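Colleague: Next up is a structure, given as structure tokens.
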Amino acid sequence: MSPAMHRAAYAAMALDGWTYDARDVTETELPAVLAACGPEWAGLSLTMPLKRAVLPLLGELDEVARATGVVNTVTWRGEGAAREALGANTDVEGIAGALSPLL
């Protein structure tokens, strides 16, 4: 469902030209796939087992990713040779938000 949800959000936010597609990537392929993401890429969403396999490929992790040892979102900062992949974990916030009305 992620591609459909993301595309709907992009359309609602008038982010013309943005796309979201699912791709099957193995742990072995991940370094090359990440390296091939040029400046036109805003980010990547990852599922297991890539959530852990990506860790050594990242320049920085957010607090939740450091605490959990799991990254589900990769973004970049900088340009050219200074471009750095950043890892975040948005799963915890999503789970907490979904459960908060029940608590």
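Colleague: Hey, can you tell me all the residues within segment 1-40 that are touching a Phe, Trp or Tyr at 6+ places or on another chain (Cβ under 7 Å) and among the hydrophobic types (A, V, I, L, M, F, W, C)?
Modeller: 18
Colleague: Report, ordered by the first and then the second residue, all pairs with beta carbons closer than 7 Å, sequence separation of six or more or different chains, a first member in segment 26-43 that is touching a residue at least 12 places away in the same chain (Cβ under 8 Å) and under 23 Å from residue 16 (Cα atoms), and a second member that is assigned to a loop (DSSP other than H, G, I, E, B) and open to solvent by 60 Å² or more (accessible area, probe 1.4 Å).
Modeller: Partner pairs satisfying both residue conditions: 39/79.
Colleague: Do we have any residue at all in segment 5-13 that's surrounded by 15 or more Cβ atoms within 10 Å (Cβ to Cβ), under 14 Å from the mean Cα position of the chain (by Cα), of a type outside the set (D, E, K, R) and modelled with pLDDT of 95 or more?
Modeller: No - not one qualifying residue is present in segment 5-13.
Colleague: Six or more apart or on different chains, Cβ atoms under 9 Å: show the pairs whose first residue is in segment 75-101 and among the hydroxyl-bearing types (Ser, Thr, Tyr) and whose second is open to solvent by less than 50 Å² (accessible area, probe 1.4 Å) and in a strand (DSSP E or B).
Modeller: 75/43; 75/44; 75/85; 75/86; 75/87; 75/88; 90/73
Colleague: Okay, moving on. Looking at segment 33-72, which of its residues are open to solvent by less than 40 Å² (accessible area, probe 1.4 Å) and either in a loop (DSSP other than H, G, I, E, B) or acidic (Asp, Glu) (or both)?
Modeller: 37, 38, 46, 54, 58, 69, 70, 71, 72
Colleague: Residue pairs, Cβ under 7 Å, 6 or more apart or interchain, first in segment 53-72 and at negative phi and free of Cβ contacts under 8 Å to residues at least 24 places away in the same chain, second outside any helix (DSSP H, G or I) and open to solvent by less than 50 Å² (accessible area, probe 1.4 Å). List them.
Modeller: Between residues of segment 53-72 that are at negative phi and free of Cβ contacts under 8 Å to residues at least 24 places away in the same chain and residues that are outside any helix (DSSP H, G or I) and open to solvent by less than 50 Å² (accessible area, probe 1.4 Å), the close pairs are 70/89.
Colleague: Take the residues of segment 14-34 that are β-branched (Val, Ile, Thr) and within 16 Å of the chain's Cα centre (by Cα): which is nearest to residue 49 (Cα to Cα)?
Modeller: 26
Colleague: If residue 18 meets every condition in (1) in contact (Cβ under 8 Å) with a residue 12 or more places away in the chain; (2) out of contact with any Leu (no Cβ under 6 Å at 6 or more places or on another chain); (3) open to solvent by less than 40 Å² (accessible area, probe 1.4 Å) apart from one, which number is that one?
Modeller: (3)
The values are calculated or read from the model by the stated rules, or taken from the named source; none is laboratory data. Quick caveat, the model's predicted, so the values are computed rather than measured. No Cβ is skipped: glycine too gets one built from the backbone with ideal geometry, and neighbour counts run over all protein chains shown. In case anyone asks, the SASA skips ligands and DNA or RNA and just uses the protein heavy atoms, side chains included. Shrake-Rupley method; radii C 1.70, N 1.55, O 1.52, S 1.80 Å.
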